[in-house]
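Engineer: Handing you this structure, nothing more for now.
The values are calculated or read from the model by the stated rules, or taken from the named source; none is laboratory data. Just so it is clear, the structure is predicted and the values come from calculations on it, not from any experiment. Neighbour counts run over all protein chains shown; Cβ positions are idealised from the backbone, glycine included.
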Amino acid sequence: MMKTIFVWDIPVRLFHWSLATSIAMLFITAQIGGNAMEWHKKIGYFVIGLILFRVVWGFVGSYHARFKNFVRTPTTVIAYAKNLFKKESPHYVGHNPMGALSVLALIAAVGFQTATGLFSNDDIMLEGPYVSMVSKAFSDQMTRLHQLNSNVILVLIGLHLSAIVFYAVFKKEQLIEAMLTGKKEVNSSIGGHFEAEMTEKARPVWLPWLIVIAVGGIVYALVTRVIF
């Protein structure tokens with residue numbers, strides 16, 4: 001029996017599309033250069049906030065947003081990968097084991113990108129807020145890593161987009177639609193934690209706003225060096 005259930009909460013969906021848009025804008029401004037790099041820096045600060053929010057929401061958010069409910073063991077990931085091209089492979093309501101790896105990899109890669117950006121410079125007019133606190137050699141090394149890691153992010157994005165197409169064509173799962181509406185059509189007989197997912201209470205409306213305010217304060221203090 002198929003039924004439509006709510007899977008992705010608004011904070012997760014806003015994070016997803018905000019991050020996608022921000023990454024696109026970061027690559028565009030980096031290619032343009034010049035005065036556009038000021039926007040590159042500001043968007044980078046915004047992304048720091050997004051990553052911090054998602055990490056926190058990964059512990060206190062709704063059922064499918066929490067890391068403990070979608071990050072699986074290596075054994076489970078390998079078993080899922082072996083059956084990936086079988087139409088009868090295990091179905092997951094939220095992130096599947098390989099999708100979970102994609103989420104963690106993107107969070108780590110983008111987080112690393114923003115961290116290196118804080119110490120980077122372009123030897124012309126733009127530099128991160130912490131360049132003056134480190135040696136020129138260290139800043140140059142962070143700049144190189146910042147540039148190299150952008151290629152890693154591009155590869156991860158390519159894999160992510162390929163997975164979306166694969167699941168839409170081969171497994172008939174519309175991942176984009178689910179991330180837009182928050183809803184997925186699933187077979188209620190799949191078992192597992194289905195009942196827990198259906199009966200868990202929604203998070204208080206004020207909770208994500210509280211996290212946003214806290215994260216905003218942390219990012220402001222970080223980029224303005226209030227605490228240093």
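Engineer: Being outside any helix (DSSP H, G or I) and not β-branched (Val, Ile, Thr) is the filter here, so list the residues in region 37-87 that pass it. Don't jump to the end; show me each part of the working.
Structural biologist: Filtering region 37-87 for residues outside any helix (DSSP H, G or I) gives 61-62, 66, 70-73, 83-87.
Hits for region 37-87 are 61, 62, 66, 70, 72, 83, 84, 85, 86, 87.
Engineer: For residues that are aromatic (Phe, Trp, Tyr) and surrounded by 16 or more Cβ atoms within 10 Å (Cβ to Cβ), scanning just region 68-117, find the one that is nearest to residue 185 (Cα to Cα).
Structural biologist: Taking region 68-117 as the starting set, the residues that turn out to be aromatic (Phe, Trp, Tyr) are 70, 80, 85, 92, 112.
Retained after the next criterion (residues that are surrounded by 16 or more Cβ atoms within 10 Å (Cβ to Cβ)): 70, 80, 92, 112.
Values: 70: 18, 80: 21, 92: 11, 112: 35 Å.
In this case the residue turns out to be 92.
Engineer: Of these, 10, 78, 23, which one is within 22 Å of residue 155 (Cα to Cα) and within 19 Å of the chain's Cα centre (by Cα)?
Structural biologist: Working: 10 fails: within 22 Å of residue 155 (Cα to Cα); 78 fails: within 19 Å of the chain's Cα centre (by Cα).
From the options 10, 78, 23, the qualifying one is 23.
Engineer: I've got another one for you. Could you list, ordered by first residue, the pairs with Cβ atoms under 7 Å in which the first is in region 84-96 and free of Cβ contacts under 8 Å to residues at least 40 places away in the same chain and closer than 20 Å to residue 74 by Cβ and the second is of a type outside the set (Phe, Trp, Tyr) and not in a loop (DSSP other than H, G, I, E, B), at least 6 apart or interchain?
Structural biologist: What qualifies is 95/103.
Engineer: Of the residues that make up region 119-141, is at least one touching a helix residue (DSSP H, G or I) at 6+ places or on another chain (Cβ under 8 Å) and either closer than 17 Å to residue 16 by Cβ or among the aromatic types (Phe, Trp, Tyr) (or both)?
Structural biologist: Yes, some residue in region 119-141 is touching a helix residue (DSSP H, G or I) at 6+ places or on another chain (Cβ under 8 Å) and either closer than 17 Å to residue 16 by Cβ or among the aromatic types (Phe, Trp, Tyr) (or both).
Engineer: On to the next question. Within region 190-218, how many residues turn out to be part of a loop (DSSP other than H, G, I, E, B) and either modelled with pLDDT of 55 or more or of a type in the set (Ser, Thr, Tyr) (or both)?
Structural biologist: Of the residues in region 190-218, 6 are part of a loop (DSSP other than H, G, I, E, B) and either modelled with pLDDT of 55 or more or of a type in the set (Ser, Thr, Tyr) (or both).
Engineer: Report, by residue number, each residue of region 1-20 that is among the β-branched types (Val, Ile, Thr) and not in a helix (DSSP H, G or I). Steps first, answer last, please.
Structural biologist: Here is the first cut: in region 1-20, the ones among the β-branched types (Val, Ile, Thr) are 4-5, 7, 10, 12.
4, 5, 7 - these are the residues of region 1-20 that are among the β-branched types (Val, Ile, Thr) and not in a helix (DSSP H, G or I).
Engineer: Take residue 110 and decide whether it is closer than 30 Å to residue 8 by Cβ, in contact (Cβ under 8 Å) with a residue 40 or more places away in the chain and in contact with a Lys or Arg (Cβ under 7 Å, 6 or more places away or on another chain).
Structural biologist: Details: closer than 30 Å to residue 8 by Cβ: yes; in contact (Cβ under 8 Å) with a residue 40 or more places away in the chain: yes; in contact with a Lys or Arg (Cβ under 7 Å, 6 or more places away or on another chain): no.
Judged against the criteria, residue 110 is not a match.
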